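Read-outs throughout are calculated quantities, based only on the coordinates presented, and are distinct from any laboratory measurement. What you see is a predicted model, and the numbers here were worked out from it, not measured in a lab. Here the Cβ positions follow ideal geometry from the backbone for every residue, glycine too, while neighbour counts run over all protein chains shown.
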Amino acid sequence: MVSERQSRIRNFSIIAHIDHGKSTLADRLIETTGQLTKREMEEQILDTMELERERGITIKLQTTRLKYIAKDGIEYTLNLIDTPGHVDFTYEVSRSLAACEGAVLVVDASQGVEAQTMANVHLADEVGLEIVPVLNKIDLPSARPDEIIQEIEDDLSILAEDAPRISAKEGINIEDVLEAIVEKVPAPSGDENKPLKALIFDSIYNSYTGAIAYVRVFDGQVKKGDKIKMMSNEVEYEVTEVGIHAPYQKKVDVLKAGEVGYVTASIKNVKDCNVGDTITNAENPTEKPMHGYKKVTPMVYCGIYPLGDQKVDDIRDALEKLQLNDGSLVYEAETSVALGYGFRCGFLGLLHLEIIQERMIREFNLDIISTSPSVIYNVVLNNGEKIKVQNPSNLPDLTLINYMEEPIVRADIMVLKEYVGNVMALCEERRGTMLDMNYLDEKKMMLNYELPLNEVIYDFFDTLKSITKGYGSLDYELLEYRESDLVKIDILINKEKIDAFSMILHKSSAVYRGRRICKKLQETIPKHMFAIPIQAAIGSNVIARENVKAMRKDVTSKCYGGDITRKKKLLEKQKKGKKRMQKFGKVDVPQNAFLEVLKYDDENK
Amino acid sequence: MMMKINKEKLGIYIHIPFCKSKCIYCDFVSVTNQTLIEKYFNYLLKEIEMYKEVLNKFKVVTIYFGGGTPSLVDGLYIEKVINKIKEYNDLNEILEFTIEVNPGTINREKLEIYKNIGINRISIGLQSTNNNTLKMLGRIHDYEEFLESYNLIREVGFDNVSVDLMFGLPSQTIEMFESSIDKVIKLNPEHISAYSLKVEESTKLYKLIKKGILEEPNEEIDRNMYELLIDKLSRNKYNLYEISNFSKKGFESKHNIIYWERENYLGLGLAAHGFIDNRRYGNVISFNDYFNIIDNKTKPVEEISNICEEENLFEEIMLGLRLSSGINYKEINKKYNIDFIKEHNQEIIELLEEEMIQMNNDSIWITKRGMSISNTIITKLI
């Protein structure tokens, strides 16, 4: 059922391969519909987080309401719901897509269909969205729109004949996109007189209003003073405000079926505003919550610990707040011999981990150190008991273990033909098994591999990018757990075992990884007064070793003409640097060392 | 006997920012444009006038003319400066009065003037006895000219002379440096300063190394040189009393010790630094600023900072540990109401284990071995 009010609403997302111009198009749509004056228009306004800007990817969802008078003379309300664009964030993409009826598919007119294009189209198909293809970067000399249209039709089975041909950067044919949205995206159905059913597709924490839920209302309506209920946990609240983003937060009287906006309700406990949850009216509840949400499970775990004087409670607070905006982040308290009290945190992937870690440092001003990332292993003990190990230092004694299982993923790797050899060599090296290999067109191939997740999470993606000159793309999903010949390697710094560095690895890659970690630590750990041996060992068997040489020179030879201030500043800086270190015995280790040792390094290829 | 008012000690540093030519490693404030000399000294005299209260209040114990090349300018300029200071302070209690000189810029007449106005210590820049090295560094003299100047200084009767050396220089071998040390020891100066080369970004040297024209100094060789230096000099009765300074007994530079012991000192001239009544200041570094600000009857100071209690402690440790006599932690405990040993217990144990420091009942000092990494050690104790 579509009322006249609803017939003038379009809810849509923009999906694209990274760099195909999603954010630029979003900017242009906001500008064209006059939501912001040019002066207010900041580049890529939807990517608000500093971190996102730096990395050029969207992590936090943003949403905005656009007003557009179409060629039929009617004013439409277009709700643009932004989606993040990285393989680690498929869950967030799926949530925002579920809040829409349609998706604008941006395809680079010279690059064509890419792995992420396909992956995103697949996700959009799954929630039944109408897909509106758009050819971007039409102004580039390398643009070949006719070929790409054919490619879209062939590879994605989407009619693209009438696809708007635009340049978001140059502002060419932006109106065509708006028209296509109005024309092709279905108006939201749903009944405003039924009980409230609203989907939380994102949420942020605000210290004044409490948690703010970004919602799509499917049925019913919600206004200030309503008693609402979170359907997952039955907790009730009174609504304090409802509003929309235009693109800044703006109060409205009511949000009705088909509309997108925000709800605040003095939700103190951030855990009570879960993304994916359904909000209903407490007095007149809907029967069933929204379906179609994939509850994601973290794939990568690592420990996060306070550094120096940092309080462990501050870390808990930050994790709690971050979790509000990020349903895929999980954490629980743990302790480490080397690091004391901290948290074991679960992430979607290594990038997700890095982003959370950086946000804790930048936004929450925390001094933290994180341990070596790990996946979850199934361990079957001799007595038949089966346990899950996500922290390598919790691995039971080898004599107690019957066998171990590791997670295997199915990875889809899209790559240009000339790099297939490189990719196959990489997958081989990472214990991959090829399932399938297809030509997508004359130039592109899709490789399907089974890969152990612990080979994928570390530096696989970066390595892939590097060996394919950036043209490779990766998507993966968990397949199953499989028995595997795994070992635990320990890292000893200055002859002391550092539990936080322990890793579980396949026997065949243990020596290679052990060597790399030692080498990287040698580069990462600053020189001390004494030489520091760094060793990797399996049990008592040392498999790799490096040495950090003793410091020979660190002295200000001359203090010129009584200029004490300069020397003071130098030492203050040096002292500050020390604080960012974690002390293991007599050795200071930089806070990023654990992550650094796992990162891709050009010298290794 | 007349009763003396117990005034606090004061050192005076006077910067003379002129050189015949710029050495390639130098990032100090100095110019080769000698047309500015006269004007500069006029303004220097005006600056001194602005400090008459300070000069009046303290007992001047040391004066140091540094540069640049103070010996480049006519001796009469130096005399004028001293006469101006004497208008506000009788300089009766001066213990040490130094001027930096470079070979080739002094003659008997100039040295006589120095002697007459009370200068009692000469610091002469040699850097190396190897003429190729001197040429590479852009020094204006060779070793023979240095010898002439050195002998002249002795002839005129200066009995406290310091010789500057440098080491860790591009293509300098251990043998070359050893030869420099040996030759200097033979000359028997009362004081030797030996600085490890630091390549500063703003210098010509930095560019030459970046371009690959000169070799980057090797840290390992540099430290071997330092060890050799300490060894050789100590066997010849030169005592390492500060990271880069050696002297015969009783000839430690009193002026430099004022810096390390945080006594008051007045900095005069372009880019000079001072420390008066617990306040540190630095003068402007451009001639124009210097002239303009003085024209406005203001002191040509551009950075000034009051040193708080916490910083006092920081400085006391940082500066004290440069000296081989180290810091007196008993006094520090009393002065700052702390327990220094307890607060740095772990670090002190580690440093003792590594033989980087030594301690007794009241002091902690950095060992010869530790001097090479004194910044690291100091950071652990502040």
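Before moving on, here are some points about what is shown:
- Chain A: angle of helix A:22-32 to the longest principal axis, Cα-based, in degrees nearest 10: 40 degrees
- Loop-resident sites, the stretch B:170-264, for trypsin sites (Lys or Arg not before Pro), counting at most 14 other Cβ within 10 Å (DSSP): B:Lys211, B:Lys237, B:Lys249
- Partners for A:Lys169 among lysines (Cα-Cα distance below 25 Å; same-chain residues under 8 apart left out): A:Lys22, A:Lys38, A:Lys60, A:Lys67, A:Lys71, A:Lys137, A:Lys184, A:Lys469
- Neighbourhood charge, 11 Å Cβ-Cβ cut-off, centred on A:Ser3 and excluding it, Lys, Arg +1 and Asp, Glu -1: 0
- As a calculated quantity, the FRET efficiency between A:His291 and A:Gln522 at R0 = 51 Å, using C-beta atoms, amounts to about 0.45.
- Distant-in-sequence amide contacts of A:Gly432, defined by a placed amide H-H separation under 5 Å and a gap of 5 or more residues or a different chain, comprise nothing.
- With a Förster radius of 25 Å applied to the C-beta separation of B:Glu49 and B:Ser286, the computed FRET efficiency comes to 0.70.
- The gain in end-to-end length when the A:Ser189 to A:Lys549 segment is fully stretched comes to 122.7 nm, 0.36 nm per residue minus the alpha carbon separation.
- Entry for the stretch A:197-281 at q = 0.17, 0.21, 0.22 Å⁻¹: log10 I(q)/I(0) = -0.56, -0.89, -0.99, Debye formula applied to identical alpha-carbon scatterers, no solvent contribution.
- Phi angles of the stretch A:535-552 translate, via the Karplus equation with coefficients 6.51, -1.76, 1.60 and θ = phi - 60°, into HN-Hα couplings of 10, 10, 9, 10, x, 9, 8, 6, 10, 7, 7, 9, 9, 8, 5, 5, 5, 9 Hz per residue; Gly and Pro are given as x.
- The Cα-based radius of gyration and maximum Cα-Cα distance (Dmax) for the stretch A:455-579 are 20.9, 70 Å.
- The mean sequence separation of alpha-carbon pairs under 8 Å and at least six residues apart, normalised by the residue count of chain B, gives a relative contact order of 15 percent.
- Cα point-scatterer Debye curve for the stretch B:99-207, base-10 log of I(q)/I(0) at q = 0.10, 0.17, 0.23 Å⁻¹: -0.30, -0.80, -1.28
- Measuring between their Cα centroids, the stretch A:512-580 and the stretch B:165-244 lie 25 Å from each other.
- Label sites at A:Leu159 and B:Leu352, each approximated as a point 7 angstrom past Cα along Cα to Cβ, lie 8.7 nm apart.
- Backbone geometry of the stretch A:176-183 corresponds, through the Karplus equation with coefficients 6.51, -1.76 and 1.60 at θ = phi - 60°, to 3J(HN,Hα) couplings of 4, 5, 4, 4, 5, 5, 4, 6 Hz, x marking Gly and Pro.
- Here each label is just a point 7 Å from Cα along the line to Cβ, and for A:Asp253 and A:Ile69 those points are 2.4 nm apart.
- Between the Cα long axis of helix A:145-156 and the first principal axis of chain A there is an angle of about 80°, rounded to the nearest 10.
- For the set A:Lys553/B:Lys248; A:Lys465/A:Lys519; B:Lys80/B:Lys110; A:Lys553/A:Lys573; A:Lys386/A:Lys488; A:Lys575/B:Lys204, the pairs lying more than 20 angstrom apart at their alpha carbons are A:Lys553/B:Lys248; A:Lys465/A:Lys519; A:Lys575/B:Lys204.
- Point-charge dipole on Cβ atoms (K/R +1, D/E -1) for the protein assembly as shown, about Cα centre, debye to 20: 3940 debye
- If R0 is taken as 41 Å, the Cβ-Cβ distance between A:Thr32 and A:Gln310 corresponds to a FRET efficiency of 0.30.
- Under 5 Å, built H, 5+ apart or other chain: amide partners of A:Phe530: A:Met551
- Contact order, relative form, for the stretch A:385-475: 35 percent (alpha carbon pairs under 8 Å, 6 or more residues apart, mean separation divided by residue count).
- Straight-distance crosslink candidates among aspartates and glutamates, where the alpha carbon sits under 13 Å from A:Lys558 and sequence neighbours closer than 8 are dropped: B:Asp27, B:Asp164, B:Glu200, B:Glu242
- Under 5 Å from the amide H of A:Val104 lie the amide H atoms of A:Ser13, A:Ile14, A:Ile15, A:Val132, each residue being 5 or more positions distant or on a separate chain, with H modelled from the backbone and absent for Pro and chain starts.
- 10 Å binning of all Cα-Cα separations within the stretch B:147-276, expressed as whole percents from 0 upward: 11, 32, 34, 22, 1
- Helical contribution to [θ] at 222 nm, DSSP H n ≥ 4, -39,500 (n - 2.57), averaged over chain A, rounded to 500: -7500 deg cm²/dmol
- Packing-based ranking of A:439-446, A:125-132 yields A:125-132, A:439-446, ordered from highest to lowest mean Cβ neighbour count within 10 Å.
- Overall, the stretch A:378-480 carries a charge dipole of about 180 debye about its Cα centre when +1 sits on the Cβ of Lys and Arg and -1 on the Cβ of Asp and Glu, all other atoms neutral.
- Taking 0.36 nm per residue of sequence separation and removing the Cα-Cα distance, the B:Asn107/B:Asn33 pair yields an extension gain of 24.5 nm.
- Relative contact order [Cα under 8 Å, 6+ residues apart], the stretch A:472-523, whole percent: 29 percent
- The C-alpha atoms of chain A define a longest principal axis, and helix A:350-362 lies at about 90 degrees to it.
- B:Glu219 paired with A:Glu175, simple spin-label distance in nm, labels 7 Å along Cα-to-beta-carbon: 6.6 nm
- Converting phi to 3J(HN,Hα) with the Karplus coefficients 6.51, -1.76 and 1.60 and the offset θ = phi - 60°, the stretch A:424-436 yields 5, 4, 4, 5, 4, 4, 9, 6, x, 10, 6, 9, 6 Hz in sequence order, with x at every glycine or proline.
- For peptide A:565-574, the mean count of partner chain Cβ atoms within 10 Å of a residue's Cβ comes to 5.
- Per residue of B:367-375, other chain Cβ atoms within 10 Å of the residue Cβ number 4 on average.
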